[in-house]
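Participant: Questions regarding the structure given below will be posed in turn.
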Amino acid sequence: MTPQELKKLIAAGESAHLEFKESFGDAVIESLVALSNAGGGRIIIGVRDNGTVCGIAPKKPNVASWINDIKMKTSPALFPDIEVAGIQANTIAVITIKDVPIKPVATKGKCFIRRGSSNHLMSIPEIADMYLKTYNLSWDSLIDPDKTPADLSPKKVERFRELLEKQASVTVPEDSFTLLKKFSLLKNDRETTFAASLLFSAKPPINTAIHAVRFKGTTKDESTEDIYIQEDLVAETELLMEFIHRSIRKGVRKVSALKQLTHETVWQYPPDAMRELVVNLVIHRDYKNASPSCLFIFDDRIEMWNPGEMPKGLSMAKLQSGDYEPSARNPLLTRVFKELGLIENLGSGLQKVCRILKGAGLPLPFIEALSSGTRVVIRSAAGYPERNEGVNEGVDEGVNEGVNEGVKSLLDRIMKKPGQRVPALAREIGVTPKTLERWLSRLKAENKIIYKGSSKTGGYYVA
């Protein structure tokens, strides 16, 4: 690498694939581990964090000793390339580590990963996921040691066959064992995969549990229905849709008699969008985590929480544009749902949801990482009076009279938890900070709230 190339590299600053260190030590090895788990990168020794070249001592480092130290303190052992160069009358060293085939790499029993310009300790689920991907495996394809084919329900397997035949409009001739083996749900000498356990167990495992609650109003103070659903995954999809249908508002939109004899049914939330979200909740869940998935329905929104974070770097903008690489946490489950016609193409679900909600005059989903999982919030037209008025009126005429439900829920939250700031309020209510600030402005204009304290430590209170 030439001095000019080095200067240009240093001038760019630290990033997801570049780190500066003043000297060699365990901190360098930790960064090498983090970079190797994130696809590779470089570490320049002899440069301060701010990009100032300080050089290394001695000017002729023992590169062989560094390589041996790195090899002995990493597992699997790393073998980076080290280049010693001169710049501004100083000696520096550039350590380059490429993407490694076997991951995660650890040092002193800990695994790190590079995010942005810093290293982060990997969680146990992250380590497990990376290990499975290294060997082109998925959790749902592994053998369930606690289940055998005898634990599967013949009725559920037969129902699976019926749904396949209905979807494909052909007869499925295979016997149950051959059919499940064809879908890789049974392996070797009739070994049962986790996917088969989730789909067909006579007694569904505890990690299929979903907590569904219909709350009264816009807070969690009182509920009208509170249930736990623990069934096979296809049945859970139908049961969740039934729960949603009986928990949301339904109305009619007046249509000219010249066009049709009956009025048009209008739901508070489009059923097609809800089905896509429910299917996503079921097939993209991290079933290694025994925490139940959650479906909470309020007067003005629906919140869904699932164990398992979304892929890193995935944003709403990318979801809408389709500019991302689709990935399936549970590819066997995804294939089954696709063959049953419950999903279309991998990665198209949330795009479809966005299109449907936009067409219905509703806001786009709010998605965030929360407590080692993913939360999705869908708001109704009640909180957005500037949106499609026809839908608003069809679902609940007069719902926008006075203060809308979204602003009401914000005022209730401030009354119960005074002193909170925008990020916390937006997270609890399930809206974007920009939307929350618009609601705050309305409440301040009506002299219902005030801000107390400094810009960094203050919060909102009821006036």
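The values are calculated or read from the model by the stated rules, or taken from the named source; none is laboratory data. Keep in mind the model is a prediction, meaning the values are calculated, not measured. When we count neighbours, we look across all protein chains shown, and the Cβ atoms used for this are built from the backbone with ideal geometry, even at glycine.
Participant: It is to be established whether one or more residues within the stretch 271-290 are surrounded by fewer than 17 Cβ atoms within 10 Å (Cβ to Cβ), within 10 Å of the chain's Cα centre (by Cα) and at pLDDT below 95.
Facilitator: no
Participant: Those residues that are touching a Pro at 6+ places or on another chain (Cβ under 8 Å), at pLDDT 85 or above and either in the same structural domain as Arg379 (by TED's automatic domain parsing) or part of a helix (DSSP H, G or I) (or both), I need them from the stretch 415-463; list them, please.
Facilitator: Scanning the stretch 415-463 gives a single hit, Val422.
Participant: Quick check on the stretch 136-143. Is at least one of its residues assigned to a loop (DSSP other than H, G, I, E, B) and charged (D, E, K, R)? Full working, then the answer.
Facilitator: Pass one, the stretch 136-143, residues assigned to a loop (DSSP other than H, G, I, E, B): 136-138, 142.
Keeping just the survivors that are charged (D, E, K, R) gives none.
No, every residue in the stretch 136-143 fails to be assigned to a loop (DSSP other than H, G, I, E, B) and charged (D, E, K, R).
Participant: Is the stretch 356-378 home to any residue that is more than 20 Å from Gly217 (Cα to Cα), modelled with pLDDT under 70 and outside the structural domain of Tyr461 (by TED's automatic domain parsing)?
Facilitator: no
Participant: Which members of the stretch 1-22 meet the condition of being closer than 30 Å to Lys108 by Cα and either exposed (fewer than 14 other Cβ atoms within 10 Å of the Cβ) or outside the structural domain of Gly46 (by TED's automatic domain parsing) (or both)?
Facilitator: Scanning the stretch 1-22 gives Gly13, Ser15.
Participant: Go through the stretch 183-238 and count every residue that is part of a loop (DSSP other than H, G, I, E, B), under 20 Å from Pro292 (Cβ atoms) and of a type in the set (Lys, Arg). Full working, then the answer.
Facilitator: Kept after step one, since they are part of a loop (DSSP other than H, G, I, E, B), are these residues of the stretch 183-238: 183-185, 188-190, 202-205, 209, 216-222, 230-232.
Those still in the list that are under 20 Å from Pro292 (Cβ atoms) too: 203-205, 209, 220, 230-232.
Next, from what is left, pick out any that are of a type in the set (Lys, Arg): 203, 220.
Final tally of qualifying residues: 2.
Participant: Mind listing just one residue for me: the one in the stretch 69-127 that is touching a strand residue (DSSP E or B) at 6+ places or on another chain (Cβ under 9 Å) and basic (Lys, Arg) and, of those, farthest from Ser138 (Cα to Cα)?
Facilitator: Lys73
Participant: Separate question: Within the group Thr2, Thr52, Thr74, which residue is in contact with a helix residue (DSSP H, G or I) (Cβ under 7 Å, 6 or more places away or on another chain) and among the hydroxyl-bearing types (Ser, Thr, Tyr)?
Facilitator: Thr74
Participant: Could you please find all residues in the stretch 94-124 being exposed (fewer than 14 other Cβ atoms within 10 Å of the Cβ), of a type in the set (Gly, Ala, Ser) and in a loop (DSSP other than H, G, I, E, B)?
Facilitator: Residues of the stretch 94-124 exposed (fewer than 14 other Cβ atoms within 10 Å of the Cβ): 99, 101-102, 108-110, 115-116, 118, 121, 123-124.
Still in the list and also of a type in the set (Gly, Ala, Ser): 109, 116, 118, 123.
Those that are exposed (fewer than 14 other Cβ atoms within 10 Å of the Cβ), of a type in the set (Gly, Ala, Ser) and in a loop (DSSP other than H, G, I, E, B): Gly109, Gly116, Ser123.
Participant: Could you figure out which of (1) touching a helix residue (DSSP H, G or I) at 6+ places or on another chain (Cβ under 7 Å); (2) at pLDDT below 85 isn't true of Leu261?
Facilitator: Here Leu261 meets the rest and fails (1).
Participant: Turning to a different aspect of this structure: On the basis of being of a type in the set (D, E, K, R), assigned by TED's automatic domain parsing to the domain that holds Lys60 and in contact with a Lys or Arg (Cβ under 9 Å, 6 or more places away or on another chain), does Lys108 make the cut? Give the steps one after another, and end with the answer.
Facilitator: Details: of a type in the set (D, E, K, R): yes; assigned by TED's automatic domain parsing to the domain that holds Lys60: yes; in contact with a Lys or Arg (Cβ under 9 Å, 6 or more places away or on another chain): yes.
Here the answer is yes, as Lys108 does meet what is asked.
Participant: Now, a different point. What's the number of the condition Asp146 fails, among (1) exposed (fewer than 15 other Cβ atoms within 10 Å of the Cβ); (2) in a helix (DSSP H, G or I)?
Facilitator: Every condition holds for Asp146 apart from (2).
Participant: Could you check the stretch 164-180 and list, in sequence order, the residues that are surrounded by fewer than 16 Cβ atoms within 10 Å (Cβ to Cβ) and in a helix (DSSP H, G or I)? Explain how you work it out, then say what you get.
Facilitator: If we filter the stretch 164-180 for residues that are surrounded by fewer than 16 Cβ atoms within 10 Å (Cβ to Cβ), which is where we start, we get 165-175, 177-178.
Selection gives Glu165, Lys166, Gln167, Ala168, Phe177, Thr178.
Participant: For the structure I just gave you, tell me whether Asn68 is of a type in the set (S, T, N, Q) and either surrounded by 15 or more Cβ atoms within 10 Å (Cβ to Cβ) or in contact (Cβ under 8 Å) with a residue 24 or more places away in the chain (or both).
Facilitator: No.
Participant: Right, here's the next one. Within the stretch 71-107, take every residue that is within 19 Å of Phe24 (Cβ to Cβ) and of a type in the set (D, E, K, R) and give me the one that is nearest to the chain's Cα centre (by Cα). Please lay out each step first, then the result.
Facilitator: Let us first name the residues in the stretch 71-107 that are within 19 Å of Phe24 (Cβ to Cβ), namely 71-74, 77-87, 90-97, 105, 107.
Next, only the ones that are of a type in the set (D, E, K, R) stay: 71, 73, 81, 83.
Values: Lys71: 35, Lys73: 33, Asp81: 35, Glu83: 40 Å.
Taking the candidates together, the pick is Lys73.
Participant: The conditions are (1) among the hydrophobic types (A, V, I, L, M, F, W, C); (2) under 30 Å from Phe200 (Cα atoms); (3) modelled with pLDDT under 85, and Val353 fails exactly one of them. Which is it?
Facilitator: Here Val353 clears every test but (3).
Participant: Looking for something of a type outside the set (Gly, Ala, Ser), part of a helix (DSSP H, G or I) and in the same structural domain as Ile113 (by TED's automatic domain parsing) - is there at least one such residue anywhere in the stretch 35-45? So that I can check it myself, show each step before the final result.
Facilitator: First pass over the stretch 35-45, keeping only residues of a type outside the set (Gly, Ala, Ser): 35, 37, 42-45.
Going one step further and asking which of them are part of a helix (DSSP H, G or I), we end up with 35, 37.
With in the same structural domain as Ile113 (by TED's automatic domain parsing) added as a condition, the list becomes 35, 37.
Within the stretch 35-45, one or more residues are of a type outside the set (Gly, Ala, Ser), part of a helix (DSSP H, G or I) and in the same structural domain as Ile113 (by TED's automatic domain parsing).
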